[in-house]
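The values are calculated or read from the model by the stated rules, or taken from the named source; none is laboratory data. Everything numeric in this text was worked out from a predicted model, so none of it was measured. With ideal geometry, Cβ positions are generated from the backbone for all residues, glycine too; neighbour counts draw on all protein chains shown.
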Amino acid sequence: MNWGLTMNKSGIVARRELGSTLGRTSFRLMTALIPVLGLVAVIGFLVFQAVRSEGAPEEKTIGYVDATSSFDGAFEQGLVTFKPYGDEAAAIGALLDDEIDQLYVIPVNYLETGVVLEVKREERGLSIDTSSTTTLRRFLVDNLLEGAVSEYQIERVRQPVVLATLEVDESGAPVKDDPLNVAHLAFFLGLGVLIVISIMTSAGYILQGLNEEKENRIMEVLLSSVSPSQLMLGKLLGLGAAGLIQVVLWAISGVALLLLLGSGDIDLPELTLPPPVPLLLGLAYFFLGYALFGTLMAALGAITTSQRESSQISFIVIFPAVAPTWFITPMLTNPDSTLATVLTLIPFTAPVTALFRIALGAIGPLELALSMALMLGTIFLTVLLTQRLFRVYLLMYGRRPGIREMGRTLMSGR
């Protein structure tokens, strides 16, 4: 095989595919959609924060009627002042005259039942404010325990537990791990999702392009100038470059959105890029994942006869690519589990799973090497078998080969 000629012709096909893909309206819309949605989310969050800050807690007065004669202290609870009333009628009058903001009635049997009556004006809609209930609870606790226990005990009744964690190794010694970098975790989680989207978009264009060329009989013209292998390699290279451009643009827009978010008065974790090695690993899994799924899509394009038919069965390829996202929670809570390890070693689920575990520092060099070796081996085998399908079925029109027929082709190349 003349590798120089093969790469030259594949390069021509790659440039054609790259230019064609970058010019597609659907590709441009998809590329712009993620940053636009992110911008809308950031603007919405900033508006929410602004509205929330305007509605920050203010000083208020809460009236109460105490039928138990037990609550006669701890009137000041932060910005809230509790004001006692001798009878319910006077308290309701104060509520209606806006002298107090809220009114509670503590009945005689409160100690037995714990029931407190809230008196409210007639209103429409649903009240979701729970801050007053929290303040009322503190007021009641302070009065019930004042003089009977210490301030520390009162505080423990208010907040009985502040949970801290100590991790120990198999010998019982404390584990001295670096604290989890939330920004890095978010970066790799986002990168994993974007890679899935980009791989599926670019690989989908391979499928779409092959079907269009077969339906329009352009395939006959192409194969008169290039071999099936050169055509497949060129399409993979061109669309892979388009996918990489897409991910880079999304990454740049993500950084810009984070900077915009940081411009608001929001306490964000320190935003730093991950170290070079994890970044390179993420890039490597992108290329490996694209090569694998792009080749599988190319195989579907070779054996199907129309865009509708290929779209109906493309879920076979898409399913394993997105499967790891269903297990984000168990993998984040236990990244060393058997599930996470198995998904890392299965080539079809490895790209996204490995990114999740890299973010958590839960994947060792040997496991990384094995995962990539398995992916490379699968890619090599997939490319070899897809080339056989290309040579036999690219010019087949109107009929999709049967399972047994494709099996013979994959085994013999004819």
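Check 283, 343 and return the single one that is within 20 Å of residue 194 (Cβ to Cβ), surrounded by 15 or more Cβ atoms within 10 Å (Cβ to Cβ) and not hydroxyl-bearing (Ser, Thr, Tyr).
Matching residue, one of 283, 343: 343.
Consider residue 376 against the criteria (1) loosely packed, with under 15 Cβ neighbours inside 10 Å; (2) without any contact (Cβ under 8 Å) to a residue 40 or more places away in the chain; (3) in a helix (DSSP H, G or I): it satisfies all of them except one. Which criterion is unmet?
Among (1) loosely packed, with under 15 Cβ neighbours inside 10 Å; (2) without any contact (Cβ under 8 Å) to a residue 40 or more places away in the chain; (3) in a helix (DSSP H, G or I), the lone unmet condition for residue 376 is (2).
Considering only the stretch 79-113, state which residues are among the β-branched types (Val, Ile, Thr) and either over 48 Å from the mean Cα position of the chain (by Cα) or surrounded by 14 or more Cβ atoms within 10 Å (Cβ to Cβ) (or both).
Within the stretch 79-113, 80, 81, 92, 100, 105, 106, 108 qualify.
Across the stretch 101-119, what is the total count of residues that are hydrophobic (A, V, I, L, M, F, W, C) and not in a strand (DSSP E or B)?
4
Based on this model, can you work out whether residue 353 counts as more than 16 Å from residue 282 (Cβ to Cβ) and in the same structural domain as residue 283 (by TED's automatic domain parsing)?
Answer is no for this residue.
Is the stretch 377-386 home to any residue that is modelled with pLDDT under 85 and either in contact with a strand residue (DSSP E or B) (Cβ under 8 Å, 6 or more places away or on another chain) or assigned by TED's automatic domain parsing to the domain that holds residue 226 (or both)?
Within the stretch 377-386, one or more residues are modelled with pLDDT under 85 and either in contact with a strand residue (DSSP E or B) (Cβ under 8 Å, 6 or more places away or on another chain) or assigned by TED's automatic domain parsing to the domain that holds residue 226 (or both).
When the residues of the stretch 300-322 are narrowed to those that are over 22 Å from residue 218 (Cα atoms) and among the aliphatic types (A, V, I, L, M), which ends up nearest to the chain's Cα centre (by Cα)?
That would be 322.
How many residues are among the aliphatic types (A, V, I, L, M), within 23 Å of residue 392 (Cβ to Cβ) and crowded, with 17+ Cβ neighbours inside 10 Å when one looks only at the stretch 199-221?
5
In the set 358, 313, which member is assigned by TED's automatic domain parsing to the domain that holds residue 235 and surrounded by fewer than 18 Cβ atoms within 10 Å (Cβ to Cβ)?
Residue meeting the stated conditions: 313.
So which residues in the stretch 24-38 are modelled with pLDDT under 85 and not hydroxyl-bearing (Ser, Thr, Tyr), if there are any at all?
24, 27, 30, 34, 38
Quick one: is residue 65 farther than 17 Å from residue 133 by Cβ, at pLDDT 80 or above and outside any loop (DSSP other than H, G, I, E, B)?
The answer is yes for residue 65.
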